[in-house]
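Quick notes on the structure that follows.
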Amino acid sequence: MKPCQGPDRATRTPTFVMPRHAVDTHAHVFGPQARFPLSPERSYTPEDCTLEQYVDLLDTLRIDRGVIVHGGAHGTDNAATLDALDRLDGRIRAILVTPPGMPLAQRQALHDRGVRGYRMSTVVSGGVGFDALEALADEARELGWHLLLHFHASSELVDVADRLRALPCDYVLDHLARIRADEGVDSPAFRTVLDLLATGRCWVKLASLYRLSSEPYPHRDMLPLIHAVIAARPDRMIWGTNWPHPIHVGPMPNDGDIVDLIPLWAPDPAMQHRMLVENPSRLYGFEI
């Protein structure tokens, strides 16, 4: 539970100009810990990275909308995430970390507040693992929610793929299923991603890919993977900052630099609009 480094707080205004109604589909808020304590079962200790700081980031990056993914350091206590959701009056949506079994009426109330799914992870402790996959999928289906799946290693995707094919709801492979650039497009994990994309229920989130690269910025070794998934299902690609980049080891990226990767990943303006506006608005229920 040693402290992890905080984000680069001197966010640079990017050169790339976001389209109107763009969505950052992946960010976390942590604390303030005096009000929202961290979980004693957590596997990392972040700095306070508050809603106010995240709003400043969105404004600097010229992003209209965001999605708060509940941070693993808070365990299954979603209070910090729900507080952020309530204070931004429709500008954000939220993904919760909670075990199955919540009554439908309570989930409907959360939907009305802006919740759109559940996250499961093998990467961080204190949350919800894949033993709850089918039960949470059934609950997600009832409200049109999705599952956000956070793998520790790409091999885990291969192991769970048959279960994913049988799910009754949509699901998002977080961080491109954590497939590293040096694994390549011919790896079993990447072939599994393409196979799952073909089913129509699978989405891919392009976020925190700097962790998967073996090269410095702009991480060109990731481009074959990125371009292949975009070509396979342009209607299932979404993008996120991953602010404040918890558990990142190495030089902390500046979020302005992350935004400026978008035209490298998706040079076509129509595809940029699809990935940044149309697809996430459909998945998270934003009006455009």
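The values are calculated or read from the model by the stated rules, or taken from the named source; none is laboratory data. Since the structure is predicted, the reported quantities are computational estimates derived from the model, not experimental observations. Note that we place each Cβ from the backbone using ideal geometry, even for glycine, and neighbour counts take in every protein chain shown. Only protein heavy atoms, including side chains, enter the accessible area calculation; ligands, DNA and RNA are left aside. Shrake-Rupley method; radii C 1.70, N 1.55, O 1.52, S 1.80 Å.
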Legend entry - Cα centroid separation, the range 1-77 to the range 160-202 (Å): 26
Inset, instruction - Compute the distance in nm between two label points, each set 7 Å from the Cα along the Cα-to-Cβ direction, one at Val160 and one at Asp195. - result: 1.7
Legend entry - Length gained when the stretch Met1-Val17 is fully extended (0.36 nm per residue, less Cα-Cα span): 2.0 nm
Inset, instruction - Taking H placed 1.01 Å from N in the peptide plane, check which residues at least 5 places from Val115 or on another chain put their amide H under 5 Å from its amide H. - result: Ala94
Inset, instruction - Just add up the charged neighbours of Gln33: K/R +1, D/E -1, any other residue whose Cβ is under 14 Å from the Cβ of Gln33. - result: -2
Legend entry - Neighbour net charge for Lys2 - beta-carbon separation under 14 angstrom, K R +1, D E -1: 0
Inset, instruction - Could you do me a favour and compute the accessible area per residue for the chain, 1.4 Å probe, result in Å²? - result: 39
Legend entry - Proximal charge balance of Val249 [Cβ under 12 Å; K/R count +1, D/E count -1]: +2
Inset, instruction - Might you report the magnitude of the Cβ-based charge dipole of the range 233-288 about its Cα centre, with Lys and Arg at +1 and Asp and Glu at -1, to the nearest 20 debye? - result: 240
Inset, instruction - Would you kindly derive the ³J(HN,Hα) couplings of the range 173-182 from the backbone phi angles with the Karplus curve 6.51 cos²θ - 1.76 cosθ + 1.60 (θ = phi - 60°), listing them in order in whole Hz, with x for Gly and Pro? - result: 7, 5, 6, 6, 6, 6, 7, 7, 4, 6
Inset, instruction - Using per-residue counts of other Cβ atoms within 10 Å, averaged over each peptide, order 102-115, 49-62 from highest down. - result: 49-62, 102-115
Inset, instruction - For n ≥ 4 DSSP H runs only, could you compute -39500 (n - 2.57) per run for the chain, divide by its residues and tell me the 222 nm figure to the nearest 500? - result: -9000 deg cm²/dmol
Legend entry - From phi via Karplus (6.51, -1.76, 1.60), per-residue ³J(HN,Hα) for the range 11-23 in Hz, x at Gly/Pro: 4, 7, 5, x, 6, 5, 9, 5, x, 4, 6, 4, 10
Inset, instruction - Using only alpha carbon pairs under 8 Å that are at least six residues apart, calculate the relative contact order of the range 1-127 and give it in whole percent. - result: 27
Inset, instruction - Please report, as a whole percent, how much of the solvent-accessible surface of the chain comes from carbon and sulfur atoms (probe radius 1.4 Å). - result: 52
